[in-house]
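Shown next, in structure tokens, is the structure this report addresses.
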Amino acid sequence: MIKCDTSLCDVCSTCAGVCPVDAIIISRDTIHIDQEVCDICLACISVCPVGALKEDN
Amino acid sequence: MKNDTKKENKLENAAIPLTEPGDMDSFDMVVIGGGPAGSMAALTAADLRLSVLMVERDHIIGSPVRCAEGVDKKGISQFFTPDPKWIAAEITGYYLVAPDGTRVKMDIGLEHGYILERMLFDRMIAEKAANHGAAVMTGVDAVAMSELSDGFRTVHMKGTDSEWDVKARVVVAADGVESRAARWAGLKTSVTPYDMETCAQATCAAIDIDHHAFYMYFTGEFAPGGYVWVFPKGPHTANIGLGISGTYAKKKLPTEYLDDFLTNYFPGASVVSRTVGGIACTGGIKKMVADALMVCGDAAHMANPITGGGIINAMISGQFAGETAADALKKGRNDERSLAVYQKRCDSRFGKMNRWFYRVKEGILNIPNDRLNEIAHEISALPLEKRTPVRVLRSALIKNPKLLTVLAKLVF
């Protein structure tokens, strides 16, 4: 599954912009990843400008 | 607003509000997102006598600033008389910098530019929209939207401690790069990592620059598949940032590329603020209207796919959305067909151009370092008045005849 390190995340929404299945929901100060919807395509990880997203097995 | 006479004419034929004034449960137009696109849509629609609600998720309009803040004078002047309150610096020239350090001073002609103070600029437009009659709410997140039913879409709002529904004759999705609202209407707005420019920027003080010029560094070492910008905000301050294609960010983060660039080129700089973000550089989404919905600005990928500049296009789209909504609602319509003119107007103003830019993007942003140096030397040898963007693009694409043909179509 994809996990977000909230201490690094700047909530810039770039990850949500590449998510092909709308699994990433941005609110004011946090991101939520719907693990049931997520396809683990890793697109979000590749565009995160601060490296906050990681694949965690 | 400029074009006052034009606006006056339109006001005479303004739409009669279909909703009761002061009613906070239903509006002619609900705008999601309070950036330049959303605020321009709200301002335009309010001027045309529509009842408007604009919601912004953040608590402060204009903050955080995720932007390099550069605009051209002509672009901004079509909307507002430039005001020192929201302009940080006036730009009268620019430099392209090659990987070997060759600086090419370019001819800017009469096309001066500005570096904005986005925090103040965005707030100015939002305040104007409010003063012209739009309801503006901050700290309110649109979290869901219904299909069109009985003439309205219902948008579910979430504030700090409460949730409620708002009915809208027309929804404007100006909710930026993640654009949830467009997706709710079934429009495809997701971007491939290749077309997502992932960006990091530091506002740096104590640097030595020509503060009336901006600099673009093209270097595969520090910005693969993109470029580094230095946009002055004052005599010794500048936004220094870079965008790289998402496919290059796997190995090294934009923030790491930026730190390396600063260490190399601006070793004495003090970083006073940092920001990150993404720009969808696809040249535009295919379909930007649905029943009772129009998509504006970054949500519709309206930024120039080579430069990443998107403020003016976002504002134009907001204005078009406001005008289109007023025209359609006046006829009692809000279906997709009645709003289709919005996409046509965006296309002819900047959409077609952006699609051409997209086709030459790869040829421009992935030139190897030694070739970039050669181009810089070729351009330096020309007299200043011949150092134009077109000339640079031509040199950049000379070994790529297919793209050169595309460029010819773009320019002539």
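The values are calculated or read from the model by the stated rules, or taken from the named source; none is laboratory data. Just so it is clear, the structure is predicted and the values come from calculations on it, not from any experiment. Heads up, the Cβs are rebuilt from the backbone with ideal geometry, glycines too, and the neighbour counts pull from every protein chain shown.
Descriptive notes on the structure:
- Among (1) facing another protein chain (nearest Cβ under 9 Å); (2) closer than 17 Å to B:VAL276 by Cα; (3) among the β-branched types (Val, Ile, Thr), the one test that A:THR6 misses: (1)
- Residue in region B:222-242 that is buried (at least 23 other Cβ atoms within 10 Å of the Cβ) and more than 22 Å from the chain's Cα centre (by Cα) present: no
- Of all residues assigned to region B:232-254, at least one qualifies as being of a type in the set (Val, Ile, Thr), in contact (Cβ under 8 Å) with a residue 24 or more places away in the chain and under 27 Å from B:LYS352 (Cβ atoms).
- Selection within region B:145-170 - under 28 Å from the mean Cα position of the chain (by Cα), small (Gly, Ala, Ser) and more than 20 Å from B:ASP291 (Cα to Cα): B:GLY159
- Considering (1) over 22 Å from B:MET106 (Cβ atoms); (2) in contact with a helix residue (DSSP H, G or I) (Cβ under 8 Å, 6 or more places away or on another chain), the lone condition that B:VAL228 does not fulfil carries the number (1).
- Strands (runs of 3 or more DSSP E) within region B:68-165 that include 2 or more residues of a type outside the set (Gly, Ala, Ser), surrounded by fewer than 20 Cβ atoms within 10 Å (Cβ to Cβ) and within 14 Å of chain A (Cβ to nearest Cβ): B:135-138, B:153-158
- Test: residue in region B:317-335 that is within 16 Å of the chain's Cα centre (by Cα), farther than 22 Å from B:LYS188 by Cβ and buried (at least 16 other Cβ atoms within 10 Å of the Cβ): yes
- Counting only residues that are part of a loop (DSSP other than H, G, I, E, B) and within 17 Å of B:ALA280 (Cα to Cα), region A:9-57 holds 9 of them.
- Residue match in region B:381-393 (condition: more than 30 Å from B:ALA37 (Cα to Cα), of a type in the set (Gly, Ala, Ser), surrounded by fewer than 22 Cβ atoms within 10 Å (Cβ to Cβ) and at pLDDT 90 or above): yes
- The helices (runs of 4 or more DSSP H) found wholly in region B:289-383 and carrying at least 1 residues that are polar (S, T, N, Q) and in contact with a strand residue (DSSP E or B) (Cβ under 7 Å, 6 or more places away or on another chain) occupy B:311-330, B:336-346, B:369-380.
- Residue within region A:12-21 that is more than 19 Å from B:ASP195 (Cβ to Cβ), modelled with pLDDT of 95 or more and either at the interface with chain B (Cβ under 8 Å from one of its Cβ atoms) or within 10 Å of the chain's Cα centre (by Cα) (or both) present: no
- Residue selected from region A:37-57 under the condition exposed (fewer than 12 other Cβ atoms within 10 Å of the Cβ) and over 24 Å from B:GLU256 (Cβ atoms), by the criterion nearest to the chain's Cα centre (by Cα): A:ASP39
- Selection within region B:193-214 - of a type in the set (Gly, Ala, Ser) and part of a loop (DSSP other than H, G, I, E, B): B:ALA206
- Residue, nearest to B:PRO36 (Cα to Cα), within region B:285-295, restricted to residues that are in contact (Cβ under 8 Å) with a residue 60 or more places away in the chain and in contact with a Phe, Trp or Tyr (Cβ under 8 Å, 6 or more places away or on another chain): B:MET294
- For region B:119-134, a tally of residues being without any contact (Cβ under 8 Å) to a residue 60 or more places away in the chain and in contact with an Asp or Glu (Cβ under 8 Å, 6 or more places away or on another chain) returns 1.
- Candidate set from region B:193-221 (those that are touching a residue at least 60 places away in the same chain (Cβ under 8 Å) and within 14 Å of another protein chain (Cβ to nearest Cβ)); member that is surrounded by the fewest Cβ atoms within 10 Å (Cβ to Cβ): B:ASP195
- Matching residues, region A:46-57, being in contact (Cβ under 8 Å) with a residue 40 or more places away in the chain and either among the charged types (D, E, K, R) or at the interface with chain B (Cβ under 8 Å from one of its Cβ atoms) (or both): A:VAL50, A:GLY51, A:LYS54, A:GLU55, A:ASP56
- Residue count, region B:255-283 (criterion: more than 9 Å from chain A (Cβ to nearest Cβ), of a type in the set (Val, Ile, Thr) and without any contact (Cβ under 8 Å) to a residue 60 or more places away in the chain): 1
- Qualifying residue in region B:244-251 (condition: modelled with pLDDT under 95, in a strand (DSSP E or B) and within 13 Å of chain A (Cβ to nearest Cβ)): yes
- Residue match in region B:174-187 (condition: on the phi < 0 side of the Ramachandran plot and in a strand (DSSP E or B)): no
- Selected residue [within 19 Å of the chain's Cα centre (by Cα) and surrounded by 24 or more Cβ atoms within 10 Å (Cβ to Cβ)] from B:SER39, B:SER63: B:SER39
- Among the candidates A:ASP34, A:ASP22, A:ASP10, A:ASP29, the residue that is without any contact (Cβ under 8 Å) to a residue 24 or more places away in the chain, of a type outside the set (Gly, Ala, Ser) and surrounded by 14 or more Cβ atoms within 10 Å (Cβ to Cβ) is uniquely A:ASP22.
- Scoring B:GLY297 on the criteria (1) more than 14 Å from chain A (Cβ to nearest Cβ); (2) on the phi > 0 side of the Ramachandran plot; (3) crowded, with 19+ Cβ neighbours inside 10 Å leaves a single failure, condition (1).
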